[in-house]
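Please see the structure below; I have some questions.
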Amino acid sequence: MVAPDRLSTVFGALADPTRRAIIARLADGEATVTELAEPFPISLPAISRHLKVLEKAGLISRSRSGQWRSSTLEPAPLREATEWMERYRVFWEASFDRLDAHLRRVQQDPDARKGASL
């Protein structure tokens, strides 16, 4: 089980659309700050701040090679968040399945329809 504080940090980092876009880009492979900043109408320092948030959450790692600093996606925190959410997806799917079965019964049984409309 994942500690709630780590999940909070991960979900907080993923709450921003710019950071989610950065994560999506890094899913294709490592990239420099300049490459990551390219599609955004914000400054390099602003991108660097987003990267620091992602790094603190453990979602990326950063390395330096000469003057270039690249970022790489770290999948473990995303996997942990997905595992946490999976329990709730299963719950909702089961709830929808029960609702679907009930609605089918109501549609097929005229007496059940009368009781459902009360």
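The values are calculated or read from the model by the stated rules, or taken from the named source; none is laboratory data. Being a predicted model, the structure only gives us computed values, none of them experimental. As a convention, Cβ positions derive from the backbone with ideal geometry for all residues, glycine included, and neighbour counts pool all protein chains shown.
Let's see how each residue does on (1) surrounded by fewer than 14 Cβ atoms within 10 Å (Cβ to Cβ); (2) over 10 Å from the mean Cα position of the chain (by Cα):
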{"position": "V10", "(1), (2)": "no, no"}
{"position": "R19", "(1), (2)": "no, yes"}
{"position": "R25", "(1), (2)": "no, yes"}
{"position": "A31", "(1), (2)": "no, yes"}
{"position": "T34", "(1), (2)": "yes, yes"}
{"position": "E38", "(1), (2)": "yes, yes"}
{"position": "S43", "(1), (2)": "yes, yes"}
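Tally time: how many residues in segment 48-67 are exposed (fewer than 11 other Cβ atoms within 10 Å of the Cβ) and not basic (K, R)?
Looking only at that region, the number is 4.
To continue, here is another question. For segment 1-52, name all the residues that are in contact with a His (Cβ under 6 Å, 6 or more places away or on another chain) and among the charged types (D, E, K, R).
R19
Looking only at segment 88-118, count how many residues are modelled with pLDDT of 85 or more and loosely packed, with under 10 Cβ neighbours inside 10 Å.
1
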